[in-house]
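Following: one structure in structure tokens, then a few remarks.
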Amino acid sequence: MLIYALWQQQITDVTEFQVGQEKLYFSPLMDLANREIIAYNFATRPKFSLVKKMLEQGLSRLKPTECPIIHSDQGVLYGSAEWVKMLEGKAVQSMSRRGNCYDNAVIESFFAILKSECFYSRTYHSIAELQAEIEEYLVYYNQKRIKLGLKGLSPVQYRAQYLS
């Protein structure tokens, strides 16, 4: 059973990976209804362009009548005037309460799964290698990794069933 309808509530955050002396930042946008990663971007620095490209991808998938709530933490990237302007008329901004990590638990849980299944148990020689592996993992996560909360279906399978 869906708690939220598809495309109505989404959540985002940024996580960091370190490979040698280099860092890779990953910013996904997740649909809360089926936990599907619907947009994402990578960067070597946590600048606004990281979340801007991700948000552009996510907003481009919306129908003109859709205006989802997009939840984030209170990080500097999400409080910027540019972020607010991008959301204007297309989505409703929601932010975590100050100092309350539970508000972002769904996306933080995804980061824990991603790092457990794709990062901690492997050695990467470059951030390009890690990025390629994460992109491959996202295909698996969305299309094949089943979730008990989705009646044993993957996020994409659940979305297809919901829309049929």
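Observations
- Candidates in region 41-59 are the residues that are basic (Lys, Arg) and in a loop (DSSP other than H, G, I, E, B); of these, the one that is farthest from residue 135 (Cα to Cα) is 47.
- Options 57, 18: the member that is surrounded by fewer than 19 Cβ atoms within 10 Å (Cβ to Cβ), under 27 Å from residue 139 (Cα atoms) and over 16 Å from the mean Cα position of the chain (by Cα): 18
- Just one of (1) crowded, with 18+ Cβ neighbours inside 10 Å; (2) touching a Phe, Trp or Tyr at 6+ places or on another chain (Cβ under 9 Å); (3) under 30 Å from residue 127 (Cα atoms); (4) not aromatic (Phe, Trp, Tyr) fails for residue 6. It is (3).
- Residue in region 93-102 that is within 16 Å of residue 9 (Cα to Cα), touching a residue at least 24 places away in the same chain (Cβ under 8 Å) and touching an Asp or Glu at 6+ places or on another chain (Cβ under 8 Å) present: yes
- For residue 126, the stated conditions do not hold, so it cannot be described as at pLDDT 95 or above, closer than 21 Å to residue 34 by Cβ and of a type in the set (Ser, Thr, Tyr).
Residue-wise test of (1) of a type in the set (Ser, Thr, Tyr); (2) assigned to a helix (DSSP H, G or I).
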residue: 90; (1), (2): no, no
residue: 98; (1), (2): no, no
residue: 104; (1), (2): no, yes
residue: 109; (1), (2): yes, yes
residue: 112; (1), (2): no, yes
residue: 120; (1), (2): yes, no
residue: 139; (1), (2): no, yes
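The values are calculated or read from the model by the stated rules, or taken from the named source; none is laboratory data. Being a predicted model, the structure only gives us computed values, none of them experimental. For neighbour counting, all protein chains shown are included, and Cβ atoms are generated from backbone atoms with ideal geometry for every residue, glycine included.
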